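Below: one structure, written as structure tokens.
The values are calculated or read from the model by the stated rules, or taken from the named source; none is laboratory data. Because the structure is a prediction, the values reported are computed rather than measured. Here the Cβ is made from the backbone with ideal geometry for all residues, glycine too, and neighbour counts use every protein chain on show.
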Amino acid sequence: MPDQANFGCLSLLRNVPIGRRTSLFLSVGSVNEGSRRKPQVFAGLSFFLGPQTAASVTVDHHDGRTQTVAEIQRSLPIGTGYGYRLQSSAIGNQHNGSGVLQYQTGFGRYEMSFDPFHSDVRPSVNAAGGVVYQAGSLLAARPIDSSFALVRVPEVKDVRVYASNVLVGRTNERGDLLVPNLLPYYGNRLSIDDRDVPLNYEVRAVERTIAPPYRGGAFVEFPVRQIRTVTGSVVVRNNKKIEAVPAFGQLTLTGNGEAYVSPIGRGGEFYFENIPAGTYNANIEYRDGTCVFRLPVPPGADPVVKLGRSVCSTEATKP
């Protein structure tokens, strides 16, 4: 620099793994700060205590002084959880250090900082959060620093949601979960665990890849549909009150611009899936002719609806 003395550093670095969770690193060299060359030695041990926790101890000898630093840190998870960072340093008889405790939920992040060596320094507490409105849902969230996505599994709660195979959280009562901290303009893979979806639901997709804009949101819906079966049987009655089973015929329901078809079994049984509640025009085609009647399908959330026996009169087909 124009207003400073020349600076030069020459060092030899070495990193040696010791077991699966420990490594040793060493640096030996000299530093020229313009006046004279001084030796410098740096050594340290790092320990990996888990997928999110690491610790280290380092010793730095420079300019005739030796500094020892010990640190342990646990990173915050993507979803709900806690983290911390504790550090202590010593130069001769002088000790310094710092501590940070962190906790985050789906709707906020909380942090407390303190100095364990100086009682006159007061701890500080910080809390931060945000609010997101998207696709008809108003959700409390952690601070939105980057891109995010609203994941929806309609009306299905407690479904686990993953971002790049890392658990983010579970859907709420409405089936919604806000996923923060996604990479903008890059593909982010979101998925759900279909084992959390009730067995009477049909899951059409379990994984999506999205590229949201910077500090923008994406809406990702995993379509699910409750499997609701409608069963019953039918007989045909002529004008002489004689009943016959339309075995191996076909029953067609029409209503609201849609048509639903079911084969008729040997005993007059029929079977439908996922037809909305309402009253339908029913038409039977079988070996001896045709027959029409009205078939009501009641509303409700029951996975199986048993309608019992329905009667179709041939008189309804006469002009």
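Table: residues versus (1) assigned by TED's automatic domain parsing to the domain that holds residue 171; (2) in contact with a Gly (Cβ under 9 Å, 6 or more places away or on another chain); (3) at pLDDT below 95.
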site	(1), (2), (3)
85	no, yes, no
92	no, no, yes
102	no, yes, no
141	yes, yes, yes
155	yes, yes, yes
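Across segment 158-174, the qualifying residues are those that are in contact with a Pro (Cβ under 9 Å, 6 or more places away or on another chain) and surrounded by fewer than 21 Cβ atoms within 10 Å (Cβ to Cβ), and the one among them that is nearest to residue 305 (Cα to Cα) is 174.
For segment 67-81, filtered to residues that are part of a strand (DSSP E or B) and among the hydrophobic types (A, V, I, L, M, F, W, C), the residue that is farthest from the chain's Cα centre (by Cα) is 69. Within segment 13-28, the set of residues being on the phi < 0 side of the Ramachandran plot and not hydroxyl-bearing (Ser, Thr, Tyr) comprises 13, 14, 15, 16, 17, 18, 20, 21, 24, 25, 26, 28.
Of the strands (runs of 3 or more DSSP E) entirely within segment 182-268, those holding at least 1 residues that are closer than 20 Å to residue 293 by Cβ occupy 229-237, 250-255, 258-263. Between 48, 42, 7, the distinction of being modelled with pLDDT under 95 and under 38 Å from the mean Cα position of the chain (by Cα) belongs to 48 only. Those residues that are under 16 Å from residue 227 (Cβ atoms) and touching a residue at least 60 places away in the same chain (Cβ under 8 Å), I need them from segment 156-201; list them, please. Within segment 156-201, 156, 200 meet the criteria. Scanning segment 263-312 for residues that are of a type in the set (Val, Ile, Thr) and either surrounded by 12 or more Cβ atoms within 10 Å (Cβ to Cβ) or touching a Ser or Thr at 6+ places or on another chain (Cβ under 7 Å) (or both) returns 264, 275, 279, 284, 290, 292, 297, 304, 305.
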